[in-house]
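What follows draws every value from the coordinates through simple rules; no lab data is involved. No experiment lies behind these values; they were computed from the predicted model shown. We place every Cβ from the backbone using ideal geometry, glycine too, and count neighbours over all the protein chains shown.
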Amino acid sequence: MNLNELRARVENKSARLAVIGQGYVGLPVAALFADNGFNMLGVDVQPERVEKINAGVNPIEGKEPGLAELLKRVIASGTFRATTEYSELHDRDIFLIAVETPVDENHVPRYEALRAALASLAPVMKDGALVIVESTIAPRTMHDVALPLLEEYSGMKLNEGFYLGNCPERVMPGKLLKNLQTMSRVAGAMTPETADVMIALYKNIVKADLDPANCITAELVKTVENAYRDVQIAFANEVALIAEAAGGDVWKVRELVNKSPMRQMHLPGAGVGGHCIPKDPWLLVHRAGERGVPLRLIPAAREINDSMPSHVADLVKEALKKVNRDMQGARIAVLGYAYLEDSDDARNSPSEALVRILRDFGADPVIHDPWIHEYNSDVYERVKGCDAVVVMVAHSAYRQLDLHKVKSILRFPVLVDGRRVFDVETARSAGLQIASIGKS
Ligand SMILES: NC(=O)c1ccc[n+]([C@@H]2O[C@H](COP(=O)([O-])OP(=O)(O)OC[C@H]3O[C@@H](n4cnc5c(N)ncnc54)[C@H](O)[C@@H]3O)[C@@H](O)[C@H]2O)c1
């Protein structure tokens, strides 16, 4: 099949699609295409996940507006089903790959999942198939990893036997369906003609700009946009530390700074987590670092953001000192274990780092999170008898906390607010001694 025939199948919606990787990205993408008239097969290596999906049960447990209903609908209509078997992919025309792409402890990309997906797909891929990598990858990965793997394992040649592109995702948990449909995307491809077919395909679900580009540009754009965010957050975090030292309030400062033209200072906080922001800057710099390009700003930003849980631990220590309580043996209620408000996603969570640091100090952290099974119990029961409470995530449930009640069940009236969930005066009037990031 040539590209014109594939394009015709996309336009009349007879193209048969598959999404490899049914996680935060792959599942909503698959469900949306299925809802827009395409026959869709979802592939994942986790049998329990596949089972849940086929039963119409959404495996993502955070607040994800519309996803559970959408999944139920497309499973019931028969346009979508999931499998663990790559052999079932032999009749598919287009493959979207949305597997995880983490980095290791030395910040080197770990492409085990991507390599495995490509190596399993290539032998069953039919002639004329289009493969689109949606995962976030380091610049040049399409040329240096995806292309050689597909050619080797399929025995076919690029642009003769198969077509290849890279269309990175811009979604965030909590807004997966909304982001997918309303945010612009870069359709990076090995040829402009392939980019055109990709745009014709994504038009079905994306109601925003679809910009054609080559693969290297698409890879750079995705990793740059997340590195940009990480650097901006690091700037806000450093200003927060400066404000604390100066006796100011970073939130007031930020509000007024942002009245100045072309200033958009980000929010400071207790750390940066998730599958993307903590690792995408490392993906961006990986190859340049190997080639000796001096890298200063982006690694420094990573270091600042990674140090914020340690700063929170220091705030707890200082606050306890004021009430003559040592960290040794102190029970510290840690509210929030996900990396993001109202999400169940705890990957690279700053709370995980905080818990480790508190334990190193000899303290006894007690974790609560309304969105994570393991930690979901009555919040007041978790706080009861603790020496201090730390808010690490701005979950909606925490904004409703009765601070008078919190004060009455704590052993010491110590509250550390890592996300500025509480107004300082309100907390003080409830009798709490509050320490907030960015306010001395
Ligand atoms: N989560 C986000 O908000 C987000 C946003 C933008 C981009 N991304 C990028 O999208 C990609 C996927 O992220 P995610 O959050 O969806 O990850 P995820 O871990 O939620 O999902 C990945 C899925 O792929 C499956 N998988 C792994 N290896 C496989 C294989 N060989 N064959 C089939 N399935 C396999 C896993 O079992 C898992 O269910 C990453 O590159 C990430 O950086 C994520």
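Before moving on, here are some points about what is shown:
- Cross-link check: pairs K52/K317; K279/K439; K259/K317; K252/K317; K279/K407; K52/K126 evaluated at a Cα-Cα cut-off of 32 Å; pairs beyond the cut-off: K52/K317; K259/K317; K279/K407.
- Cut-off 12 Å between beta-carbons: net charge of the residues surrounding V186, Lys and Arg +1, Asp and Glu -1: -3
- Annotation: amide H-H contacts under 5 Å for Y163 (H modelled 1.01 Å from N, sequence separation of 5 or more, or interchain): A129, L130, V131.
- Partners of K207 within straight-line reach, counting lysines whose Cα lies under 24 Å from its Cα and excluding those fewer than 8 residues away in the same chain: K13, K63, K72, K175, K178, K222.
- Electrostatic bookkeeping for P148 treats Lys and Arg as +1 and Asp and Glu as -1; over the other residues with beta carbon under 13 Å from its beta carbon, the sum is 0.
- Per-residue ³J(HN,Hα) for the range 182-198, Karplus 6.51 cos²θ - 1.76 cosθ + 1.60, θ = phi - 60°, Hz, x for Gly and Pro: 10, 9, 5, 9, 9, 9, x, 8, 6, 9, x, 5, 5, 4, 4, 5, 4
- A protection proxy built from the mean count of other Cβ atoms within 10 Å ranks the segments 388-395, 174-181, most packed first, as 388-395, 174-181.
- In the chain, the DSSP beta bridges split such that about 10 percent are antiparallel, to the nearest 5.
- The chain: angle of helix 26-35 to the longest principal axis, Cα-based, in degrees nearest 10: 50 degrees
- Along the range 385-395 the Karplus relation, 6.51 cos²θ - 1.76 cosθ + 1.60 evaluated at θ = phi - 60°, assigns HN-Hα couplings of x, 6, 7, 7, 10, 10, 9, 9, 9, 7, 4 Hz to successive residues, with x for each Gly and Pro.
- Residue by residue, the range 119-131 carries 3J(HN,Hα) couplings of 5, 7, 6, 3, x, 9, 6, 7, 4, x, 6, 10, 10 Hz when phi is fed to the Karplus relation 6.51 cos²θ - 1.76 cosθ + 1.60 (θ = phi - 60°); x denotes Gly or Pro.
- Cα-based helix-to-principal-axis angle, 297-306 vs the chain, degrees rounded to 10: 60 degrees
- GNM result for the chain, Cα springs below 10 Å: residue of I20, I137, I409 fluctuating most strongly: I409
- Residues whose placed amide H lies under 5 Å from that of V19, excluding near-sequence neighbours: L41, G42, V43, L96
- Cross-link reach is defined here as a Cα-Cα straight distance under 14 Å, omitting same-chain residues fewer than 8 places apart; for K405 the aspartates and glutamates meeting it are D378, E381.
- Distances between placed amide hydrogens fall under 5 Å for A189 paired with N166, A213, N214, C215, all partners being 5 or more residues away or on another chain.
- Inter-part distance where the range 339-365 and the range 242-305 are each reduced to a Cα centre, Å: 20 Å
- Potential extension, K203-Q328 segment - 0.36 nm per residue separation minus Cα distance: 39.2 nm
- Helix 67-77 axis, angle to the chain major axis (alpha carbon atoms, nearest 10°): 30 degrees
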